[in-house]
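Let me begin by presenting the structure, written as structure tokens, before commenting on it.
None of the figures in this text is laboratory data; all of them are computed from the coordinates on show. From a predicted model like this one, the values you see are computed outputs, not experimental measurements. Cβ: placed from backbone, ideal geometry, glycine included. Neighbour counts: every protein chain shown.
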Amino acid sequence: MMSDRNTHEDLSVGVVISARSDWRLLHATLQSIARLASQPALVIVVLPRGREYLVDQPEFAGLQLPIRVLAADALEDSWLAVGFRAMAPIVDLAIFLSEGTIVQRDCVKQVQCRYAAWEDLVGIVDVVADTIKVAPNTENSGLAAGSQMRNGLLHSLLRRRLRARSLMPAVLSVRLAASGNLRFVTFSTFCDWMSYAVCLDQLRARGRTVVGVAEQARELQVSTERRSAFEFGYVLYDRLSRIDDYIDRPVEASYLNPRTEKVKLFVEQALQYLLSPDTRRHAMTTLKGMLKARRDTKMRERAIQRELRDLA
Amino acid sequence: MKSILVFAAADAHAREMLAPYRLPSFLSSLRDENIEPAIVDLTASGELPVSAPLVITAALRRNRGTIKELLQARRVVHTFGDVPLLASIWRNAAQAGCGVVHSVTGASNVVGRALLPKSLWAKHASRYVEAILGSNRGAIRDYIEAGFFAHAKFSMIARPPLGIAIGAEPNVQQQASIPTFGCRGHHTDGVLDFLVAALKLVGNQHLFRVLIAQTADSAAFSSRFLANISFQHLRESRNFVRCVNVLIVPKSDDRAIEDVVMALRQNKIVIAPDGGTISELLQFGRSGVLFKAGDAYALARAINNVTACWNRPPFDFRGGESVVDQVSPQQVARTFARAYQKVGHEAKAVA
């Protein structure tokens, strides 16, 4: 064994989880982390302020993980920033993921190895394309263990290649030593990919950044969709349309292409409406939300143009 | 371990960037790590240090037989400089069974020349390189994103070694009534024009002074400069930094590392562009002020901010020792040794 300082064991890892709405999803994510081959040095659960009731702290003790629970002010403080600030003095690498993301046994070890081998690597976003669907009445203990209801190969390939990334969860990992003075932006509950892409755009100037598909993570989907489809469609479309209001993105090379993303969103919802009777109503409501956001955006643009004309 | 350091500098600037790796102090540190370096310079002639055990200069460049023979006697071939000049070395070294390591510095503008036939040939040959060492992360990224080093197995950060010893500097931070900004050396490629453009954008000229270490280039401009700018002869980094309160590095350049390290050691504020080795040494703004590279307005704003908070600077000046450690010849030699070992281990594993 070499005596070098940067073998993967020497890079300490912390995991930041965004918990928002469902205690069962958070619990499943924590259970999967507890089963990791290489345990993280710290696990931080970030909740929106006022939703602290979501976590059952005594139950954390049974997981044998060093867990800290922090609260983020939804408006001013991004959960990414809260997690980053808490992690920075303690670990070398931080992994950010949302509740409901199930990591497999070697996930953290692979991230450690990758960063240890490539010292120029500063940030990775792995989009979670594969899903595990569970019945709504499944017990907590059965959620993370996986289920037989995984998607087929063709479905998985199509999701990886064609699906809008905004519709899939993602895992962000960053090298903290290269991440000083980053500006984190949280757009909304449904926009993790956008937040991660903006973060990666900033890191791009500091080293190598990579976007790929997560082989070591799955999304846990409880069959009943508890989120409001209208709000989901509206928020996604609205944030994509107004992304430049939030942050100055690099003009030439950005991981986020709002136009392509919006087209993919529309196409997927339209196809779901036509081809899938089970999710027809959900797709229709999502489309309505997106169309409303589009109308509002156009109206806003016209109002601004009118005001500029009046000023001139 | 026997290694061979191959240098290929296309121009004087590149030669200057690679000079630290041939300094006697660095070669001696390599020997302390049980590395026996031999030096091949494919472009220069004559001025190599005599302390290296074996030196091949341009005179032997065309004698491929000699180089091949040399490659066969060494375990690791470590190349520096312009990639188009190194393509045949990589191929010959790999065929001779040596581990191939390449060091990336800020000297080569690889992206701008990526489509030239020479660059395409070099890109093809770069598949023989097993490990990449870089003075900063951005430099390695540029090469990898341009398609070089497709089969490399790992990368490491190795800063350019400093030629001078930097020990504990006396704390000479004096709270002057107004700050003196300093900029030293390497005033080529319009760097001085850029600095002056930024200074003209700063509002209150009477709230600071500027001291520029004069070179032959800067002397020609001196008559056009602002009243609060003064010049002095280019002199040793340590003494220059002592005369100023804030060091300005207008353009990201690895040659300014010595000044930056000296300034950090003397608890001076550093203003530098974001990107490159210096911004990494400054921990992306934790121990200095960064501005958007090439943006005179951003530099002016940084100068304004430092001037505005001059009476209560928001820096704790911690971390100077770790920066000195990163650029010490011993540390860089240790990183080289780690890379050579790793290349050696992987070669054994394959065998």
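Some notes on this structure:
- Distance cut-off 26 Å, percentage of C-alpha pairs in segment B:237-351 lying past it: 28 percent
- Sequence-ordered 3J(HN,Hα) estimates for segment A:83-90 from the Karplus curve with 6.51, -1.76 and 1.60 and θ = phi - 60° stand at x, 4, 4, 6, 7, 3, x, 10 Hz, glycine and proline given as x.
- The modelled label-to-label distance for the pair residue A:156/residue A:63, using points 7 Å beyond Cα in the direction of Cβ, is 2.6 nm.
- Length released on extending from residue A:295 to residue A:248, taking residue separation times 0.36 nm less the Cα-Cα span: 14.5 nm
- Within the shell defined by Cβ-Cβ distances under 9 Å, the residues around residue A:123 carry a net charge of +4, with Lys and Arg each +1 and Asp and Glu each -1.
- Between residue A:90 and residue A:188, the FRET efficiency from the beta-carbon distance, with R0 = 35 Å, is close to 0.80.
- Extended-chain gain in nm, criterion 0.36 nm per residue less alpha-carbon gap, residue B:255 and residue B:267: 2.3 nm
- C-alpha long axis of helix A:153-162 to longest principal axis of chain A, angle in °: 60 degrees
- Sequence-distant lysines (8 or more away, or on other chains) whose Cα lies within less than 27 Å of residue A:264: A:133, A:288, A:292, A:298
- Each peptide in A:301-312, A:56-67, B:143-154 receives the mean, over its residues, of other Cβ atoms within 10 Å, and ordering these scores from highest gives B:143-154, A:56-67, A:301-312.
- Cβ-derived FRET efficiency at R0 51 Å, residue A:263 paired with residue B:318, nearest 0.05: 0.55
- Applied to segment B:94-100, the Karplus parametrisation 6.51 cos²θ - 1.76 cosθ + 1.60 on θ = phi - 60° returns per-residue 3J(HN,Hα) values of 5, 5, 7, x, 8, x, 10 Hz, with x for Gly and Pro.
- Its Cα gyration tensor gives chain A an equivalent ellipsoid, and the semi-axes of that ellipsoid, as √(5λ) in whole Å with the largest first, are 32, 25, 19.
- Annotation note: trypsin sites (Lys or Arg not before Pro) in segment A:68-115 located in DSSP loop regions with a Cβ neighbour count of at most 16 within 10 Å are A:105.
- Two-site label geometry, residue A:12 and residue A:308: point separation in nm, points 7 Å out along Cα→Cβ: 5.1 nm
- Label separation (residue B:145 vs residue B:28): 4.1 nm, computed from points 7 Å beyond Cα along the C-beta direction.
- Of all lysines in the structure, those lying under 28 Å Cα to Cα from residue B:268, and not within fewer than 8 positions of it along the same chain, are B:200, B:251, B:292.
- J(HN,Hα) series, segment A:27-38, from Karplus relation 6.51 cos²θ - 1.76 cosθ + 1.60, nearest Hz, glycine and proline x: 4, 5, 5, 5, 4, 5, 5, 5, 8, 5, 5, 10
- What separates the Cα centres of segment B:319-345 and segment B:196-211 is a distance of 39 Å.
- Other residues whose C-beta falls under 12 angstrom from the C-beta of residue B:181 contribute a net charge of +3, scoring Lys and Arg +1 and Asp and Glu -1.
- Packing-based order for B:10-21, A:228-239, using average beta carbon neighbours within 10 Å, highest first: A:228-239, B:10-21
- Chain A: angle of helix A:192-203 to the longest principal axis, Cα-based, in degrees nearest 10: 70 degrees
- Extension gain, residue B:205 back to residue B:325 (0.36 nm per residue minus Cα-Cα distance, nm): 39.5 nm
- For peptide A:110-123, the mean count of partner chain Cβ atoms within 10 Å of a residue's Cβ comes to 4.
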